[in-house]
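The values are calculated or read from the model by the stated rules, or taken from the named source; none is laboratory data. These numbers were taken from a predicted model, which means no experiment stands behind them. Backbone-built Cβ (ideal geometry, glycine too); neighbour counts: all protein chains shown.
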Amino acid sequence: MKVGPVARLAYRAFGRLARRHPSLARLERDVARAHLPLRADLFLVVGYGASTATGVFMAILATATATAVGSAPEAAGMLGLGLGILVTLLGVAAVHRVPRILAEARSRSADAALPAALAYVAALAGAGVVPERIFAEVGREKAFGPVADECARIARDMRVLGLDLVSALSRAIDQSPSPRFADFLQGAVSTLGAGGSLREYLISKSEQIAAETRLEQRSFLDHLGLIAESYVTVVVAAPLFLIIMLSVMVSFGSAASASLTDGYLLVLVVVPLMQAAFAFTIHAVTPEDA
(Lines give C-alpha, C1' and ligand atoms only; values in the text may rest on other atoms or scores of the structure.)
Protein backbone atom coordinates (compact mmCIF):
# COMPACT_ATOMS: atom_id res chain seq x y z
CA MET A 1 0.00 0.00 0.00
CA LYS A 2 1.31 3.43 -0.96
CA VAL A 3 1.70 5.82 1.98
CA GLY A 4 1.91 9.59 1.99
CA PRO A 5 4.64 11.89 3.30
CA VAL A 6 2.91 12.30 6.68
CA ALA A 7 2.84 8.52 7.21
CA ARG A 8 6.50 8.28 6.19
CA LEU A 9 7.40 11.02 8.68
CA ALA A 10 5.46 9.19 11.41
CA TYR A 11 7.23 5.94 10.50
CA ARG A 12 10.64 7.60 10.91
CA ALA A 13 9.55 8.88 14.32
CA PHE A 14 7.76 5.81 15.69
CA GLY A 15 8.78 2.94 13.38
CA ARG A 16 11.40 1.43 15.69
CA LEU A 17 9.02 1.57 18.65
CA ALA A 18 6.25 -0.10 16.64
CA ARG A 19 8.49 -2.87 15.29
CA ARG A 20 9.65 -3.73 18.83
CA HIS A 21 6.15 -3.79 20.31
CA PRO A 22 5.74 -6.98 22.40
CA SER A 23 2.21 -7.66 21.10
CA LEU A 24 3.03 -7.09 17.43
CA ALA A 25 2.28 -10.71 16.43
CA ARG A 26 -1.16 -10.64 18.05
CA LEU A 27 -1.84 -7.24 16.56
CA GLU A 28 -0.85 -8.59 13.14
CA ARG A 29 -3.53 -11.27 13.45
CA ASP A 30 -6.14 -8.74 14.57
CA VAL A 31 -5.27 -6.42 11.68
CA ALA A 32 -5.59 -9.30 9.19
CA ARG A 33 -8.91 -10.45 10.67
CA ALA A 34 -10.24 -6.89 10.61
CA HIS A 35 -9.22 -6.65 6.91
CA LEU A 36 -7.34 -3.42 7.49
CA PRO A 37 -5.17 -2.45 4.48
CA LEU A 38 -2.05 -1.87 6.62
CA ARG A 39 0.68 -3.88 8.23
CA ALA A 40 0.48 -4.01 12.01
CA ASP A 41 3.60 -1.89 12.54
CA LEU A 42 2.42 0.74 10.07
CA PHE A 43 -0.99 0.78 11.75
CA LEU A 44 0.70 1.43 15.10
CA VAL A 45 2.83 4.17 13.57
CA VAL A 46 -0.18 5.94 12.09
CA GLY A 47 -2.06 5.59 15.39
CA TYR A 48 0.86 6.90 17.43
CA GLY A 49 1.29 9.83 15.05
CA ALA A 50 -2.42 10.70 15.13
CA SER A 51 -2.51 10.43 18.93
CA THR A 52 0.53 12.67 19.30
CA ALA A 53 -0.84 15.26 16.88
CA THR A 54 -4.20 15.27 18.66
CA GLY A 55 -2.50 15.63 22.04
CA VAL A 56 -0.43 18.59 20.83
CA PHE A 57 -3.51 20.25 19.34
CA MET A 58 -5.52 19.77 22.56
CA ALA A 59 -2.61 21.11 24.63
CA ILE A 60 -2.41 24.27 22.52
CA LEU A 61 -6.18 24.70 22.54
CA ALA A 62 -6.46 24.22 26.30
CA THR A 63 -3.58 26.62 26.97
CA ALA A 64 -5.04 29.30 24.71
CA THR A 65 -8.53 28.89 26.19
CA ALA A 66 -7.27 29.05 29.78
CA THR A 67 -5.21 32.13 29.00
CA ALA A 68 -8.18 33.81 27.29
CA VAL A 69 -10.40 33.38 30.36
CA GLY A 70 -7.80 35.03 32.61
CA SER A 71 -5.78 32.13 34.04
CA ALA A 72 -2.15 32.68 34.91
CA PRO A 73 0.25 31.66 32.12
CA GLU A 74 1.89 29.04 34.34
CA ALA A 75 -1.45 27.48 35.29
CA ALA A 76 -2.65 27.57 31.68
CA GLY A 77 0.56 25.91 30.52
CA MET A 78 0.29 23.16 33.13
CA LEU A 79 -3.36 22.58 32.21
CA GLY A 80 -2.52 22.34 28.51
CA LEU A 81 0.44 20.04 29.14
CA GLY A 82 -1.58 17.71 31.37
CA LEU A 83 -4.49 17.55 28.94
CA GLY A 84 -2.15 16.96 25.99
CA ILE A 85 -0.39 14.07 27.74
CA LEU A 86 -3.72 12.57 28.82
CA VAL A 87 -5.19 12.73 25.30
CA THR A 88 -2.02 11.23 23.80
CA LEU A 89 -1.97 8.34 26.27
CA LEU A 90 -5.67 7.62 25.74
CA GLY A 91 -5.15 7.65 21.98
CA VAL A 92 -2.18 5.28 22.19
CA ALA A 93 -4.19 2.91 24.40
CA ALA A 94 -7.11 3.01 21.96
CA VAL A 95 -4.87 2.25 18.97
CA HIS A 96 -4.02 -1.17 20.41
CA ARG A 97 -7.70 -2.02 20.84
CA VAL A 98 -9.09 -0.80 17.51
CA PRO A 99 -8.11 -3.83 15.35
CA ARG A 100 -9.56 -6.30 17.84
CA ILE A 101 -12.79 -4.30 18.16
CA LEU A 102 -13.14 -4.17 14.37
CA ALA A 103 -12.37 -7.90 14.09
CA GLU A 104 -14.98 -8.72 16.74
CA ALA A 105 -17.56 -6.59 14.91
CA ARG A 106 -16.79 -8.44 11.67
CA SER A 107 -17.07 -11.73 13.55
CA ARG A 108 -20.56 -10.89 14.81
CA SER A 109 -21.66 -9.81 11.34
CA ALA A 110 -20.20 -12.96 9.80
CA ASP A 111 -21.92 -15.20 12.34
CA ALA A 112 -25.22 -13.46 11.63
CA ALA A 113 -24.90 -13.97 7.86
CA LEU A 114 -23.44 -17.49 8.05
CA PRO A 115 -26.70 -19.53 8.01
CA ALA A 116 -27.99 -17.81 4.87
CA ALA A 117 -24.58 -17.98 3.19
CA LEU A 118 -24.19 -21.69 3.90
CA ALA A 119 -27.69 -22.36 2.63
CA TYR A 120 -26.63 -20.72 -0.63
CA VAL A 121 -23.41 -22.76 -0.60
CA ALA A 122 -25.42 -25.96 -0.12
CA ALA A 123 -27.72 -25.06 -3.00
CA LEU A 124 -24.76 -24.47 -5.30
CA ALA A 125 -23.04 -27.66 -4.13
CA GLY A 126 -26.23 -29.64 -4.70
CA ALA A 127 -26.32 -28.34 -8.26
CA GLY A 128 -22.83 -29.70 -8.86
CA VAL A 129 -20.98 -26.37 -8.99
CA VAL A 130 -17.22 -26.69 -8.48
CA PRO A 131 -15.78 -25.29 -5.19
CA GLU A 132 -13.91 -22.38 -6.79
CA ARG A 133 -17.09 -21.24 -8.51
CA ILE A 134 -19.08 -21.70 -5.28
CA PHE A 135 -16.81 -19.34 -3.32
CA ALA A 136 -16.75 -16.88 -6.21
CA GLU A 137 -20.55 -16.80 -6.40
CA VAL A 138 -20.93 -16.35 -2.64
CA GLY A 139 -18.33 -13.58 -2.78
CA ARG A 140 -20.47 -11.66 -5.27
CA GLU A 141 -23.47 -11.64 -2.91
CA LYS A 142 -22.79 -8.57 -0.77
CA ALA A 143 -25.88 -9.34 1.33
CA PHE A 144 -23.75 -11.95 3.11
CA GLY A 145 -21.45 -9.23 4.47
CA PRO A 146 -18.08 -10.42 5.83
CA VAL A 147 -18.82 -14.00 4.71
CA ALA A 148 -18.96 -12.74 1.13
CA ASP A 149 -15.64 -10.96 1.63
CA GLU A 150 -14.01 -14.12 2.99
CA CYS A 151 -15.34 -16.25 0.12
CA ALA A 152 -14.24 -13.65 -2.43
CA ARG A 153 -10.75 -13.72 -0.93
CA ILE A 154 -10.64 -17.53 -1.20
CA ALA A 155 -11.68 -17.39 -4.86
CA ARG A 156 -9.13 -14.63 -5.52
CA ASP A 157 -6.31 -16.64 -3.91
CA MET A 158 -7.14 -19.61 -6.13
CA ARG A 159 -7.57 -17.58 -9.30
CA VAL A 160 -4.85 -14.93 -8.96
CA LEU A 161 -2.25 -16.51 -6.68
CA GLY A 162 -2.65 -19.99 -8.11
CA LEU A 163 -3.24 -21.66 -4.73
CA ASP A 164 -4.99 -24.99 -4.59
CA LEU A 165 -8.27 -25.30 -2.69
CA VAL A 166 -6.75 -26.66 0.54
CA SER A 167 -4.07 -23.93 0.68
CA ALA A 168 -6.62 -21.19 0.00
CA LEU A 169 -8.93 -22.53 2.70
CA SER A 170 -6.06 -22.85 5.20
CA ARG A 171 -5.04 -19.26 4.55
CA ALA A 172 -8.64 -18.12 5.03
CA ILE A 173 -8.85 -20.00 8.34
CA ASP A 174 -5.89 -18.00 9.70
CA GLN A 175 -7.40 -14.67 8.62
CA SER A 176 -11.09 -15.27 9.35
CA PRO A 177 -12.54 -13.10 12.14
CA SER A 178 -15.36 -15.60 12.77
CA PRO A 179 -14.60 -18.81 14.71
CA ARG A 180 -17.74 -20.43 13.29
CA PHE A 181 -16.75 -19.70 9.70
CA ALA A 182 -13.20 -20.83 10.42
CA ASP A 183 -14.62 -24.08 11.85
CA PHE A 184 -16.64 -24.54 8.67
CA LEU A 185 -13.53 -24.07 6.53
CA GLN A 186 -11.49 -26.37 8.78
CA GLY A 187 -14.10 -29.07 8.30
CA ALA A 188 -13.83 -28.64 4.54
CA VAL A 189 -10.04 -28.99 4.71
CA SER A 190 -10.36 -32.12 6.85
CA THR A 191 -12.92 -33.59 4.46
CA LEU A 192 -10.65 -32.99 1.47
CA GLY A 193 -7.66 -34.39 3.33
CA ALA A 194 -9.55 -37.55 4.22
CA GLY A 195 -10.75 -38.03 0.65
CA GLY A 196 -14.41 -37.40 1.52
CA SER A 197 -17.09 -35.75 -0.55
CA LEU A 198 -16.91 -31.97 -0.25
CA ARG A 199 -20.42 -31.68 -1.71
CA GLU A 200 -21.92 -33.86 1.03
CA TYR A 201 -19.97 -31.98 3.70
CA LEU A 202 -21.21 -28.58 2.51
CA ILE A 203 -24.82 -29.77 2.49
CA SER A 204 -24.62 -31.44 5.91
CA LYS A 205 -22.79 -28.48 7.47
CA SER A 206 -25.42 -26.11 6.12
CA GLU A 207 -28.17 -28.19 7.70
CA GLN A 208 -26.25 -28.32 10.99
CA ILE A 209 -25.76 -24.54 11.10
CA ALA A 210 -29.44 -24.01 10.25
CA ALA A 211 -30.48 -26.30 13.11
CA GLU A 212 -28.13 -24.52 15.54
CA THR A 213 -29.54 -21.16 14.44
CA ARG A 214 -33.10 -22.32 15.09
CA LEU A 215 -32.12 -23.46 18.58
CA GLU A 216 -30.40 -20.14 19.29
CA GLN A 217 -33.45 -18.20 18.10
CA ARG A 218 -35.78 -20.35 20.22
CA SER A 219 -33.56 -19.77 23.25
CA PHE A 220 -33.54 -16.03 22.53
CA LEU A 221 -37.34 -15.95 22.34
CA ASP A 222 -37.56 -17.78 25.69
CA HIS A 223 -35.23 -15.23 27.29
CA LEU A 224 -37.18 -12.39 25.68
CA GLY A 225 -40.43 -13.75 27.11
CA LEU A 226 -38.88 -13.87 30.59
CA ILE A 227 -37.64 -10.29 30.22
CA ALA A 228 -41.12 -9.19 29.07
CA GLU A 229 -42.75 -10.76 32.13
CA SER A 230 -40.19 -9.08 34.38
CA TYR A 231 -40.81 -5.75 32.63
CA VAL A 232 -44.57 -5.95 33.23
CA THR A 233 -44.02 -6.79 36.89
CA VAL A 234 -41.21 -4.36 37.73
CA VAL A 235 -41.79 -1.39 35.40
CA VAL A 236 -45.58 -1.43 34.98
CA ALA A 237 -47.31 -3.14 37.89
CA ALA A 238 -45.00 -2.13 40.76
CA PRO A 239 -44.85 1.63 39.93
CA LEU A 240 -48.63 1.66 39.37
CA PHE A 241 -49.16 0.09 42.79
CA LEU A 242 -46.82 2.61 44.42
CA ILE A 243 -48.55 5.53 42.69
CA ILE A 244 -51.93 4.33 43.99
CA MET A 245 -50.49 4.00 47.49
CA LEU A 246 -49.00 7.50 47.37
CA SER A 247 -52.29 8.93 46.08
CA VAL A 248 -54.18 7.34 48.98
CA MET A 249 -51.63 8.71 51.45
CA VAL A 250 -51.95 12.21 50.01
CA SER A 251 -55.78 12.07 50.09
CA PHE A 252 -55.68 11.18 53.79
CA GLY A 253 -53.21 13.99 54.49
CA SER A 254 -50.47 11.69 55.70
CA ALA A 255 -47.20 13.52 54.97
CA ALA A 256 -48.63 14.96 51.76
CA SER A 257 -45.50 16.94 50.81
CA ALA A 258 -43.18 13.96 51.24
CA SER A 259 -45.59 11.69 49.35
CA LEU A 260 -45.76 14.10 46.42
CA THR A 261 -41.96 14.29 46.32
CA ASP A 262 -41.71 10.51 46.31
CA GLY A 263 -44.26 10.39 43.52
CA TYR A 264 -42.32 12.85 41.39
CA LEU A 265 -39.11 10.89 41.93
CA LEU A 266 -40.86 7.64 41.04
CA VAL A 267 -42.43 8.96 37.84
CA LEU A 268 -39.65 11.24 36.61
CA VAL A 269 -36.53 9.34 37.72
CA VAL A 270 -37.07 5.75 38.83
CA VAL A 271 -39.43 4.58 36.06
CA PRO A 272 -37.33 6.07 33.19
CA LEU A 273 -34.18 4.53 34.66
CA MET A 274 -35.84 1.11 34.89
CA GLN A 275 -37.09 1.43 31.31
CA ALA A 276 -33.59 2.34 30.14
CA ALA A 277 -32.14 -0.63 32.05
CA PHE A 278 -34.58 -3.04 30.40
CA ALA A 279 -33.92 -1.52 26.97
CA PHE A 280 -30.17 -1.99 27.48
CA THR A 281 -30.71 -5.58 28.63
CA ILE A 282 -32.79 -6.42 25.57
CA HIS A 283 -30.21 -4.83 23.28
CA ALA A 284 -27.41 -6.77 24.98
CA VAL A 285 -29.08 -10.18 24.63
CA THR A 286 -30.44 -9.64 21.12
CA PRO A 287 -28.44 -11.57 18.48
CA GLU A 288 -26.97 -9.64 15.55
CA ASP A 289 -29.44 -11.17 13.07
CA ALA A 290 -32.57 -10.86 15.22
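Annotations for the structure displayed:
- Selected residue (criterion: surrounded by the most Cβ atoms within 10 Å (Cβ to Cβ)) from residues of the range 128-176 that are over 15 Å from Ala32 (Cβ atoms) and touching a residue at least 60 places away in the same chain (Cβ under 8 Å): Ile134
- Test: residue in the range 74-84 that is touching a residue at least 24 places away in the same chain (Cβ under 8 Å) and either in a helix (DSSP H, G or I) or in the same structural domain as Glu200 (by TED's automatic domain parsing) (or both): yes
- Odd one out for Pro115 among (1) touching a Leu at 6+ places or on another chain (Cβ under 9 Å); (2) touching a residue at least 40 places away in the same chain (Cβ under 8 Å): (1)
- The helices (runs of 4 or more DSSP H) falling completely within the range 177-265 that include 3 or more residues that are in contact (Cβ under 8 Å) with a residue 24 or more places away in the chain, out of contact with any Leu (no Cβ under 9 Å at 6 or more places or on another chain) and on the phi < 0 side of the Ramachandran plot map to 198-231.
- Ala228 fulfils the conditions (1) under 30 Å from Arg33 (Cβ atoms); (2) at pLDDT 85 or above except for a single criterion, (1).
- When the range 234-267 is filtered for residues that are among the small types (Gly, Ala, Ser), at pLDDT 75 or above and more than 25 Å from Thr281 (Cα to Cα), only Ser247 remains.
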